[in-house]
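A short write-up of the structure that comes next.
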Amino acid sequence: MSELNLHIDSAYWITPGCGCILLSDNWGFEALPTFKFNDPALEILRLRRMPPSDLAYFTAYERIDQDIQFILDPNRHPHIDFHQDPISVVGAFNNWGDCPNRLDYELTSEAPHSNIALFTKTISVEELNLHSESIEFKFVTRSGHWINPLSSAPNLKKDARGNLNYHLDPNCNGKHAFLFNLDGHRGLDRPLSVCLDQENYTPILPGLSFYDLKTDLPLGSIIESDQSTTFRLFAPRASKVSVEIQATLDQPPIRHSLNLMYDQLTWEVNIQNDLSGFLYNFFVEGFNDSISTFFDETVPILDPYAKATTGPNGPAIIINQQLAQPAEIPFNPPHWHDLNILECHIKDLTAQLSSDCHDKASNDKAPNKGTFAAISKYLHTKDNYLLTLGVNAIELLPIQQFDSPNQESYHWGYMTNNYFSPCAWYTDTQDTSNPNQSFKQMVEDFHQYGKSVILDVVYNHVGEPPHLARIDKAYYFYLTEAGEFENWSGCGNTIRSESAMSKKLIIDSLIHLIQTYDVDGFRFDLAELLGIEVLKEIEQALKAVKPSIVLIAEPWSFRGEIKMDLRHAGFMFWNDEFREFAQEYVLGKSHIDSLAYFIKGSTNHLAAWPSQSVNYIASHDDRTWIDKITENPNHQGQNPTQNDIRRTHMAAALMFFSLGTPMLTQGLDFLKSKNGENDTYLRDDLNALNFDAISTHRNTHNYFQNWIQFRQSPWGDCLRLDDFPSPHYSKIARSEHTEHSSAVIIFNADQSKGPKQILLMINPHHESSNIPLGQTLADDWKAIASIDTFNFSGIETQVNFRNQDHVNLPPMSLLLCVRPAWNS
């Protein structure tokens, strides 16, 4: 065979007992090649050529004589309407789509009204200039959205910029691909290699349709209708799976072996007892190769479908889901354009509360601080922060079980170990019969006071230990060629979200949180790593369960960002560009064009609708707002200057006066400082909220309260838009000082939304700014807020603007006006 210069390029498992072998070039003989395994006991039962069209499903092309047919499956890309936004194939042959005849490269379907049939485009080898040199190609929509190549494609290559493209080999016509079936063996459960020349063995690794393998059976521990208990685990390459069950932690466990089911992927055992409240762990055995597996039969595995757990290592707690009582009348959050969001952390909210916040008349034991029960108790106290601030949605940092070692340890929670289970450290109970009741009660208590509950969820990576890797490392995680975890999350690993069972795990757990606890929304951490295709499937699945669900994406990762792509999915997004703009603006370093862009909700470019942009000036990450902008040295914002405070008020005005959805983080309204520290995910001493600071910074706290109230008022209707406004809805007058970013902004300028209008005059500079208005302002405008004061009854101002065609704004000033006058 060496004379033919042929070798095995790659080999993949695609289903149990079935694999694919790709040669380095075409096999031109009628007789099939002879392949050998490193295990002489294994033989090929059936060897055949792989239909080129089957391989093209993954490689995205097929060579047919002197033509190349490019192929895309719309089912792989549910976020794109292939009919409304046609797809083109692009590469160096058409200047990557930058050509006058790009429409000639668009794919079409033989079933023009179907979203199921394949879309193809046939181009001649000559037109592609495809001789002996290979080319790279990709797909892009007419609107400019790039289609992500399948991660399981065998022909991927990175270009010089790190972009992943398909690679087209002009010499391979499909006769290099073979399928084989083993004689009576799964194959998946052992490390196998295959050779063509009796010398050079190539490992058979997961690939192609392996990542589409799935089961639709219920997984985890299930109390059946006959009161028996079934344990079921998807472990496609395991050689043995067992479960250890114990009534309590101090009793010895009993081990049971699970049986491999008919699908050769899923393991199951049924025990004729109702084991509700019992504890259990899985153990998975298998043969390890040097790349794609991480089996260890001695390591207990926390069931990925466990509905409750005792901690990040397990054991899990068996819950009878038949007894779960969903909310009689599910709570519906406000429409997205009506949201005002507060981001906060369970422990930070209650860490410094005194015992006075608990009901002394009650004989009940006061709940431990930093628990769901402590939040519930706090909600029922007079004048508590969560209610009096005025927001209508609470966004909680991760509450799913994370890898903090015990209840006393502090963690933000971005290292998830189980996606179904509320964190055991926050439940604070030894009751295994109903361990999650305090979380359910907390959500009900928020709803009682009209507050929606949004959960920050982390589906891009997992914490330690990585239980999913012990089940199937390659199936659940992106790996390097050497078998190391890809670390695009910055947290040690990255979940392979497009694997069928990864998607199922994500969607099933989210639906569980909705149906069991009536959660109102989710903010997806590092959502870029999930990919726009998976995000679209999540949106479709969750809206089918709760149409009012709130979906927010953090649209970046260490790999890239997907802000523009989110125009194709029903997600809001954290707008970090707004955050950076606000900081620069209040320091007088921004440009008037930036103000004009962000004040309109980024709708000129990023946002597909006005409320899609989540406008924020600080979050849990990095330094606090006051530490970032303070005039004090070394970011020491504990004692803010008067300019620091006024700039904070100006930033609040920007956030609440802009189209989009405002979000503030805990303590922003009373100038929370972390002493200049940047990374505090383990620092409870710096993150804990001291509500006594509200008294110290009462004016700023009240200022934020009033802006939130204004946003939710009838005048706030001018900002809470559910669709694009008319072309002349907003009017922005600029300073005659070209280097100034000061402006006068009017919303509902054309009164297309009724008679109410709102106006903001703003000047971040240390000099006065004269602004020609281009019209004379009416005399019935009423000023209700300045940079220091907010009063709905009206405020006195030295700014002369009524019946004027220009306005002279004092240094570092703002003025909010409404018409008709408040309450008129």
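Which FRET efficiency value, to the nearest 0.05, do you get for Ser433 and Asp296 by plugging their Cβ-Cβ distance into 1/(1 + (r/R0)^6) with R0 = 41 Å? That pair, Ser433 with Asp296, gives E of 0.80. Relative to its residue count, the range 247-403 spans a Cα convex hull of 247 Å³ per residue.
Which length gain, in nm to one decimal place, applies between Thr108 and Glu224 when the Cα-Cα distance is subtracted from 0.36 nm times their residue separation? Please list the in-between numbers first.
Numbers: separation 116, 0.36 × 116 = 41.76 nm, distance 4.84 nm.
Working it through step by step, the gained length comes to 36.9 nm.
Once the convex hull of all Cα atoms in the chain is built, its volume per residue stands at 192 Å³.
With all protein chains kept in place, the per residue accessible area of the range 150-296 amounts to 43 square angstrom at a probe of 1.4 angstrom. Take the Cα of Asn288, go 7 Å toward its beta carbon, and the backbone nitrogen atoms of the range 459-486 under 15 Å from that spot belong to 466-467, 469-474, 483-485.
Each of Glu561 and Asp212 was given a label point 7 Å from its Cα along the Cα-to-Cβ line. The distance between the two points is 3.5 nm.
Sorted on the mean count of surrounding Cβ atoms within 10 Å across their residues, most packed first, peptides 226-232, 797-803 read 226-232, 797-803. If a spin label sat at a point 7 angstrom from the Cα of Asp805 along the line to its beta carbon, no backbone N atom of the range 700-729 would be nearer than 16 Å.
Short to long, the 5 Å bins of the Cα pair-distance histogram for the range 728-789 hold 4, 16, 25, 24, 19, 9, 3, 0 percent of all pairs.
For the chain, what does -39500 (n - 2.57) per DSSP helix run (n ≥ 4), summed and divided by total residues, give at 222 nm, in deg cm²/dmol to the nearest 500? Before the final figure, lay out the partial values.
Numbers: 16 runs with 145 residues, N = 824.
Value at 222 nm, helices only: -5000 deg cm²/dmol.
DSSP loop (so not H, G, I, E, B), at most 16 other Cβ within 10 Å: list which trypsin sites (Lys or Arg not before Pro) in the range 442-550 pass both filters.
Numbers: sites: Lys451, Arg470, Lys473, Arg496, Lys503, Lys504, Arg523, Lys536, Lys543; in loops: Lys451, Arg496.
Passing both the DSSP loop test and the Cβ count: no residue.
In this rough spin-label picture, where each label sits 7 Å from Cα along the Cβ direction, the Asp65-Val545 distance is 5.2 nm. Counted over the chain, the DSSP beta bridges are approximately 80% antiparallel. Here the simple spin-label model places points 7 Å from the Cα toward Cβ, and for Phe29 and Leu164 these points are separated by 3.6 nm.
Over 23 Å between Cα atoms, which of Lys451/Lys543; Lys138/Lys214; Lys36/Lys157; Lys473/Lys546; Lys503/Lys543 qualify? The partial results should precede the final answer.
Numbers: Lys451/Lys543 20 Å; Lys138/Lys214 28 Å; Lys36/Lys157 29 Å; Lys473/Lys546 33 Å; Lys503/Lys543 16 Å.
Correct reply: Lys138/Lys214; Lys36/Lys157; Lys473/Lys546.
Would you kindly state how much longer the chain becomes between His131 and Glu631 on full extension, computed as 0.36 nm times their sequence separation minus their alpha carbon distance, in nm to one decimal? Walk me through the numbers before you get to the answer.
Details: separation 500, 0.36 × 500 = 180.00 nm, distance 6.38 nm.
So the extension gain works out to 173.6 nm.
Heavy-atom accessible area per residue, the range 316-358, 1.4 Å probe: how many Å²?
Numbers: 1970 Å² over 43 residues.
Solvent-accessible surface per residue comes out at 46 Å².
Amide H contacts of Ser421 (H built 1.01 Å from N, in plane; Pro and chain starts excluded): Gln401 sit under 5 Å, all sequence-distant by 5 or more or on other chains. Can you tell me the orientation of helix 698-711 relative to the chain, as the angle in degrees between its alpha-carbon axis and the longest Cα principal axis, to the nearest 10? Tilt relative to the chain: about 70 degrees. Taking only the C-alpha atoms of the range 650-789, Rg followed by Dmax gives 18.0, 55 Å.
In degrees, nearest 10, range 0 to 90: what is the angle between the Cα axis of helix 467-476 and the longest Cα principal axis of the chain? That works out to roughly 70 degrees. Note on the range 510-605: Kirkwood hydrodynamic radius from all Cα pairs is 14.8 Å, rounded to one decimal.
Compared with the direct C-alpha span, the chain from Ser53 to Lys175 gains 42.8 nm at full extension, assuming 0.36 nm per residue.
Once the Cα atoms are used to define both axes, helix 500-517 deviates from the longest principal axis of the chain by about 40 degrees. Keeping the other protein chains in place, figure out the carbon and sulfur percent of the accessible area of the range 486-572, with a 1.4 Å probe. The computed percentage sits at 49.
Mind putting a number on the dipole of the range 1-73 about its Cα centre? Charges go on the C-beta only, +1 for Lys and Arg and -1 for Asp and Glu, and I need it in Debye to the nearest 20. Write down the numbers at each step before the final one.
On the way: 5 positive and 11 negative charges, 49 e Å.
Once rounded to the nearest 20, the dipole reads 240 debye.
Eigen-decomposition of the gyration tensor built on the alpha-carbon atoms of the range 773-823 gives equivalent ellipsoid semi-axes of 17, 15, 7 angstrom, largest listed first. Building the convex hull from the alpha-carbon atoms of the range 263-347 and averaging its projection over directions returns 11.5 nm². Per residue, the range 533-667 exposes 30 Å² of accessible surface when a 1.4 Å probe is rolled over the protein heavy atoms with every protein chain present. Applying 1/(1 + (r/R0)^6) with R0 = 22 Å to the Cβ-Cβ distance of Arg698 and Ser354 gives a FRET efficiency near 0.70.
The values are calculated or read from the model by the stated rules, or taken from the named source; none is laboratory data. Small disclaimer: the values here were computed from a predicted structure and weren't measured. Heads up, the Cβs are rebuilt from the backbone with ideal geometry, glycines too, and the neighbour counts pull from every protein chain shown. Surface accessibility is based on the protein's heavy atoms, side chains included, excluding ligands, DNA and RNA. Shrake-Rupley method; radii C 1.70, N 1.55, O 1.52, S 1.80 Å.
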